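Report on the following structure.
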Amino acid sequence: GKAVAVWMQSGAAGSNIASSRWVPGSGWTATEVIETSNDAASDPQLAVNANGDAVAVWVQNAAIWSNRRPAGGSWGAAVQVKPP
């Protein structure tokens, strides 16, 4: 089957939330940064439904943020779902 992974990725500009997909016969896709703020992000969580739609949530500046990737699509823009 297919899979999606998310993680906190640290770099020179701080930490971001990144993702990759497992595609049978091809392996893991290139890393995609799914939030592009200059503020440090942490504690990523992921949910995927039976259709393959994925939702990621994480903490950034004491707020909860989210991003969605439809099955076969790309990550959209990150949105704040709970202010600090």
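Does Ser74 count as hydroxyl-bearing (Ser, Thr, Tyr) and either part of a loop (DSSP other than H, G, I, E, B) or open to solvent by 40 Å² or more (accessible area, probe 1.4 Å) (or both)? If you could, list the steps in order and put the result at the bottom.
Numbers: hydroxyl-bearing (Ser, Thr, Tyr): yes; either part of a loop (DSSP other than H, G, I, E, B) or open to solvent by 40 Å² or more (accessible area, probe 1.4 Å) (or both): yes.
For Ser74, the condition - hydroxyl-bearing (Ser, Thr, Tyr) and either part of a loop (DSSP other than H, G, I, E, B) or open to solvent by 40 Å² or more (accessible area, probe 1.4 Å) (or both) - is met.
Can you tell which of Ser15, Ser42, Ser20, Ser10 is open to solvent by 80 Å² or more (accessible area, probe 1.4 Å), of a type in the set (Ser, Thr, Tyr) and either within 18 Å of Pro84 (Cβ to Cβ) or part of a strand (DSSP E or B) (or both)?
After applying the criteria, what remains is Ser10.
Taking the range 45-71, which residues are loosely packed, with under 12 Cβ neighbours inside 10 Å and assigned to a strand (DSSP E or B)? Don't jump to the end; show me each part of the working.
Restricting attention to the range 45-71, the residues satisfying the condition of being loosely packed, with under 12 Cβ neighbours inside 10 Å are 47, 49-51, 62.
Across the range 45-71, the qualifying residue is only Ala47.
Search the range 48-63 for residues that are touching a residue at least 40 places away in the same chain (Cβ under 8 Å) and pair each with any residue that is surrounded by 12 or more Cβ atoms within 10 Å (Cβ to Cβ) and among the β-branched types (Val, Ile, Thr) when their beta-carbon atoms are under 7 Å apart and the residues are at least 6 apart or on different chains.
These pairs meet every condition: Val48/Val4; Ala54/Val4; Ala54/Val48; Ala56/Val6; Ala56/Ile17; Ala56/Ile34; Trp58/Ile17.
Looking only at residues in the range 25-39 that are in a loop (DSSP other than H, G, I, E, B) and without any contact (Cβ under 8 Å) to a residue 12 or more places away in the chain, which one is surrounded by the fewest Cβ atoms within 10 Å (Cβ to Cβ)?
To start, the set of residues in the range 25-39 that are in a loop (DSSP other than H, G, I, E, B) comprises 25-26, 29-31, 34-39.
Still in the list and also without any contact (Cβ under 8 Å) to a residue 12 or more places away in the chain: 25-26, 29-30.
Working: Gly25: 4, Ser26: 8, Thr29: 12, Ala30: 6.
Among those residues, the one meeting the criterion is Gly25.
Table: residues versus (1) among the β-branched types (Val, Ile, Thr); (2) more than 10 Å from the chain's Cα centre (by Cα); (3) modelled with pLDDT of 95 or more.
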{"site": "Trp28", "(1), (2), (3)": "no, yes, yes"}
{"site": "Glu35", "(1), (2), (3)": "no, no, no"}
{"site": "Ala50", "(1), (2), (3)": "no, yes, no"}
{"site": "Ala54", "(1), (2), (3)": "no, no, yes"}
{"site": "Ala62", "(1), (2), (3)": "no, yes, no"}
{"site": "Pro84", "(1), (2), (3)": "no, yes, no"}
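Give the range 1-41 a look and list any residue that's among the hydroxyl-bearing types (Ser, Thr, Tyr) and farther than 18 Å from Trp75 by Cβ, or say none.
If we filter the range 1-41 for residues that are among the hydroxyl-bearing types (Ser, Thr, Tyr), which is where we start, we get 10, 15, 19-20, 26, 29, 31, 36-37.
Across the range 1-41, the qualifying residues are Ser10, Ser26.
The values are calculated or read from the model by the stated rules, or taken from the named source; none is laboratory data. Not measured: the values here are computed from a predicted model. Heads up, the Cβs are rebuilt from the backbone with ideal geometry, glycines too, and the neighbour counts pull from every protein chain shown. Surface accessibility is based on the protein's heavy atoms, side chains included, excluding ligands, DNA and RNA. Shrake-Rupley method; radii C 1.70, N 1.55, O 1.52, S 1.80 Å.
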